[in-house]
1. Looking at the range 110-163 only, could you name the residues that are touching an Asp or Glu at 6+ places or on another chain (Cβ under 7 Å) and polar (S, T, N, Q)?
2. Can you tell me which residues in the range 339-362 are part of a helix (DSSP H, G or I) and acidic (Asp, Glu)?
3. Please pick out the residue among GLY208, GLY186 that is under 16 Å from ARG341 (Cβ atoms) and at pLDDT 95 or above.
4. Within the range 37-47, is there a residue that is outside any loop (DSSP other than H, G, I, E, B), touching a strand residue (DSSP E or B) at 6+ places or on another chain (Cβ under 9 Å) and of a type in the set (A, V, I, L, M, F, W, C)?
5. May I ask you to say which residue of GLU31, GLU12, GLU81 is over 15 Å from the mean Cα position of the chain (by Cα) and either modelled with pLDDT under 95 or closer than 24 Å to GLN300 by Cβ (or both)?
6. Six or more apart or on different chains, Cβ under 9 Å: which pairs go from a residue in the range 86-111 that's under 15 Å from GLY21 (Cα atoms) to one that's assigned to a helix (DSSP H, G or I) and of a type in the set (A, V, I, L, M, F, W, C)? Could you list them?
7. What's the number of the only condition in (1) away from the ligand (no atom under 16 Å from the Cβ); (2) touching a Leu at 6+ places or on another chain (Cβ under 7 Å) that GLN196 fails to meet?
8. Among residues belonging to the range 289-304 that are of a type in the set (A, V, I, L, M, F, W, C) and assigned to a loop (DSSP other than H, G, I, E, B), point out the one that is surrounded by the most Cβ atoms within 10 Å (Cβ to Cβ).
Amino acid sequence: MSRSDLIPLLEELSNVGGPSGFEDPVRKIVERELADLVDFQTTDGLGSSISVLSAPQSDTKVLLSAHMDELGLMIKRITPEGYLKFHPLGGWLAQAVIGQRWMVRTRSGDIPAITGIKTVHVMDQNERSQVFKMEQMFLDIGAESADDAINRLGVRPGDPVYPDTKFVKFAGGNRLIGKAWDDRVGVAIMIEVLKQLKDRRLGVSVIGAATVQEEVGLRGAQTAGFVADADIAINLESGVAADYPGITLDEAQEELGAGPSIFFHDSSMLPNTRFRDFVVSIAERESIPIQFNVLSGYGQDGSAVQRTRAGVPVVNIAVPTRYLHSHQGVVDIRDIAECVRLVTKVVTELTETVIKDISSFS
Ligand SMILES: [Zn+2]
């Protein structure tokens, strides 16, 4: 696998629209990519996609999880003039929502929309310095009335909305601009690791779970984690890069181009320490660059998997990402390739004995 081999899948996964609860188009891509190489595919009751490379001689299971959903909006009501009021799906900063392009998924297809804002020409000094609240915002879909929005354009309350952002490479080649790196980058890595492992005849089963509804409360990971019933798990995420103006190393410690990161702390999870040390020692031995992150906030699916049944050893491994939860994020293809290499190596070395040792507290 060369780095450029990863680009077409990353581009497709970044461009596809799939806000929380509306992940179907993403799941179709995951299922298509994995159908021919895994032993079986299923879904949990919420729609998470579960693909299994099974080892018939063993009951031991390793889970790789990544969430399919991205931040979006949901139509709440249609004004008499034909504008759409909305509810956020996931943790948007209000300033990141204003003045953007979107796509509304209606029953008759996806249609463009923008979040407009009152023109500066008519604002007084107070208004010019104010931060606009989400409740003040609306979508303009070019409708001339509520009737036009409903009957000609097919919009209904409950329709999902996602950012209209097209994947593009920065000049220079390694850095990629796109929406939804959180967490399509993790989904791409999960798919690629399963492809790498396909012909290796591991002694344990490997399960890839592409989960739903992470951004609204780690919901799919809870149900997918139950279905997987794994002995150990790696969650794959979009990390928090702190290498641009205005963010400090006390807030996050990753930078682009310095390899995948392993989380030592976030507000949702403390990783299993033996598993954490196992991953770091493999990275050091294999000369795979690795970064560490101690975050005070954040939440990720690994924490839901960790608490399934009697508890599961979990680590969260992430690709440093700039500008999370906005229309445009930036990742570095070298970090993605190194993350594939690291996770493939770690899974390859997770024998029944190693997993037993990591899971033991004696
Ligand atoms: Zn995420």
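1. Hit for the range 110-163 is SER145, nothing else.
2. Within the range 339-362, GLU352, ASP357 qualify.
3. The unique qualifying residue is GLY186.
4. For the range 37-47, residues outside any loop (DSSP other than H, G, I, E, B), touching a strand residue (DSSP E or B) at 6+ places or on another chain (Cβ under 9 Å) and of a type in the set (A, V, I, L, M, F, W, C): present.
5. GLU31
6. HIS87/MET134; PRO88/ALA94; PRO88/VAL97; PRO88/MET134
7. (2)
8. LEU295
The values are calculated or read from the model by the stated rules, or taken from the named source; none is laboratory data. Nothing here was measured: the structure is a model prediction, and the numbers come from that model. Positions of Cβ are generated from backbone atoms using ideal geometry, with glycine treated the same way; all protein chains shown enter the neighbour counts.
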